[in-house]
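Shown next, in structure tokens, is the structure this report addresses.
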Amino acid sequence: MNKKVKFNIPLEYIAGHLRYGHMEGTLDLTEEEFKELEEDPLEFIDSNDILDDLELIIDDYRIEDWGGPTEVNYKVVE
């Protein structure tokens, strides 16, 4: 009988670079803040420091190298 095994193998390191990303989230704005946003979105972001309230999403990355396994974790799944 075959066994289904799930692996989780940490790597020593990963080398590469992030290529693209964006900030994402939903904020409650007052009427005044919304008017500011409509007038000049970039200025609104700069003057209101909202980026800390948004989530960073990585859209694309490039992995160029990785180190070998440091351990092997596994469990049998049904």
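Summary table below
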{"item": "Cβ pairs under 6 Å, 6+ apart, first in region 1-13 and in a strand (DSSP E or B), second among the polar types (S, T, N, Q)", "result": "Asn8/Asn73"}
{"item": "Residue check, Asp46 exposed (fewer than 10 other Cβ atoms within 10 Å of the Cβ), modelled with pLDDT under 95, of a type outside the set (Gly, Ala, Ser) and out of contact with any Lys or Arg (no Cβ under 9 Å at 6 or more places or on another chain)", "result": "no"}
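The values are calculated or read from the model by the stated rules, or taken from the named source; none is laboratory data. Keep in mind the model is a prediction, meaning the values are calculated, not measured. Cβ coordinates were reconstructed from backbone atoms using ideal geometry, including for glycine residues, and neighbour counts include every protein chain displayed.
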